[in-house]
1. Of the residues that make up region 193-215, is at least one in contact with a His (Cβ under 6 Å, 6 or more places away or on another chain), open to solvent by less than 10 Å² (accessible area, probe 1.4 Å), among the hydrophobic types (A, V, I, L, M, F, W, C) and in contact (Cβ under 8 Å) with a residue 24 or more places away in the chain?
2. Can you name the strands (runs of 3 or more DSSP E) wholly within region 35-120 that have at least 2 residues being open to solvent by less than 10 Å² (accessible area, probe 1.4 Å)?
3. Being touching a residue at least 40 places away in the same chain (Cβ under 8 Å), among the small types (G, A, S), touching a strand residue (DSSP E or B) at 6+ places or on another chain (Cβ under 7 Å) and closer than 30 Å to Q60 by Cβ, is that true of even one residue in region 162-185?
4. Which of the residues spanning region 310-346 are closer than 16 Å to K244 by Cβ, in a loop (DSSP other than H, G, I, E, B), open to solvent by 10 Å² or more (accessible area, probe 1.4 Å) and not acidic (D, E)?
5. Out of all the residues in region 13-22, is one or more over 19 Å from A202 (Cβ atoms), modelled with pLDDT of 95 or more and hydrophobic (A, V, I, L, M, F, W, C)?
6. Taking region 279-302 only, how many residues are touching a residue at least 60 places away in the same chain (Cβ under 8 Å), open to solvent by less than 50 Å² (accessible area, probe 1.4 Å) and in contact with a helix residue (DSSP H, G or I) (Cβ under 6 Å, 6 or more places away or on another chain)?
Amino acid sequence: MADNFDLMATALKAVCPNNEILLDNAGKPSVMVRIPKMTYAQLGMGESTALFPAFIINGQEVDEIYISKYLNIVQNGRAYSLPGVDPAASMNFDQARSYCEAKGDGWHCMTRMEWGLLMRICEMQGFIPLGNNNYGKHSSEQFYKAIKTYDDSGKTGRTATGTGPLTWYHDNSHSGIADLVGDVWEWAGGVRTVYGELQVMANNNGADAANSQGTSSTKWMAISADDGSYIAPDGSGTTANSVKLDIVSGHIQWSKTITTRNKDSDWPSCSFAAITCDSTISDAAKLVLQCLGMLPYKATDLCAKAGHQCWFRNLDAERAFYSGGSWYSSSGGLASFSGDNPRSLSRANLGFRAAFVKLPTA
């Protein structure tokens with residue numbers, strides 16, 4: 001068995017050098033894409049040689065992050081990244097996390113900070129992936145289609161993982177991460193809003209299951225609008241000087257204060273390019289938002305110009321986030337996120353993707 005596994009891993013790396021097969025605590029494989037640690041400068045975010053925060057967990061640096069190459073399936077209560085299968089769907093946020101964390105230490109539901117990292121990598125390579133956002137194909141592509149695995153009233157809904165064209169991989173090659181755009185929305189770890197106040201796990205602490213992401217966890221942090229530091233929230237979404245989601249002229253404006261809340265019957269949205277900050281948000285706080293992929297870094301960025309849509313609410317006690325769009329969100333793309341539903345949401349176009357990191361030791 002060991003010889004067979006080594007042969008399989010060698011064959012994979014011969015074709016996709018940055019891909020690895022990782023085994024979990026049940027000895028079962030997942031195909032993963034290795035992302036080595038990178039600095040702000042390497043990601044086109046200024047000249048700082050400091051590490052991008054996705055590579056900082058519990059205050060310590062990590063050398064690499066492994067992202068599931070494919071949208072995940074669930075077998076025996078564990079998440080797996082495998083090609084050519086119907087991606088798992090119809091689970092809530094806590095269930096998605098549990099499937100990832102059941103695999104052992106370092107396994108986790110992909111965090112929003114990791115998603116922001118992939119957005120910056122795509123910007124730097126000059127390519128933004130497409131995907132199944134229009135019933136089996138991308139809205140801009142006429143002839144490419146993936147293999148149907150789920151029927152939506154006679155149309156193609158979900159598609160088999162990795163069966164789309166190269167344009168559906170994050171680097172436009174078979175070495176890349178597949179299906180980040182469309183097919184199913186992907187639950188995002190380490191981020192939420194509480195009455196419109198943005199709360200996160202500091203840096204990429206959401207990658208460590210020991211940092212509880214439960215509703216009442218004390219690990220949730222607000223973001224200081226003054227200096228971008230992580231501050232303890234007051235529990236009511238009214239933390240002094242924290243970054244909050246205001247709604248101005250129908251779009252997200254990050255601010256210290258909320259002047260307009262959505263009505264209970266409203267489900268507002270805006271393009272990623274339309275998201276702004278007011279004068280109360282410091283450059284340091286803007287950088288945190290940009291790392292999270294929740295604020296354009298530059299107006300000329302590919303994601304900013306692509307028209308990807310984002311959904312949000314700031315009225316509710318807690319709202320969770322998911323990323324990337326689904327098979328019927330033609331305006332969905334890599335920069336799309338939705339923060340308008342509770343963590344209990346479960347539906348056929350909502351799935352997840354596990355990631356792995358070797359956790360630092362104290």
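The values are calculated or read from the model by the stated rules, or taken from the named source; none is laboratory data. Keep in mind the model is a prediction, meaning the values are calculated, not measured. Backbone-built Cβ (ideal geometry, glycine too); neighbour counts: all protein chains shown. Surface accessibility is based on the protein's heavy atoms, side chains included, excluding ligands, DNA and RNA. Shrake-Rupley method; radii C 1.70, N 1.55, O 1.52, S 1.80 Å.
1. Looking for residues that are in contact with a His (Cβ under 6 Å, 6 or more places away or on another chain), open to solvent by less than 10 Å² (accessible area, probe 1.4 Å), among the hydrophobic types (A, V, I, L, M, F, W, C) and in contact (Cβ under 8 Å) with a residue 24 or more places away in the chain, one finds at least one in region 193-215, hence yes.
2. Numbers: elements: 64-68, 72-75, 78-81, 107-109.
Result: 64-68, 78-81, 107-109.
3. There is at least one residue in region 162-185 that is touching a residue at least 40 places away in the same chain (Cβ under 8 Å), among the small types (G, A, S), touching a strand residue (DSSP E or B) at 6+ places or on another chain (Cβ under 7 Å) and closer than 30 Å to Q60 by Cβ.
4. Within region 310-346, L315, A317 qualify.
5. Yes, that holds for at least one residue.
6. Counting residues in region 279-302 that are touching a residue at least 60 places away in the same chain (Cβ under 8 Å), open to solvent by less than 50 Å² (accessible area, probe 1.4 Å) and in contact with a helix residue (DSSP H, G or I) (Cβ under 6 Å, 6 or more places away or on another chain) gives 4.
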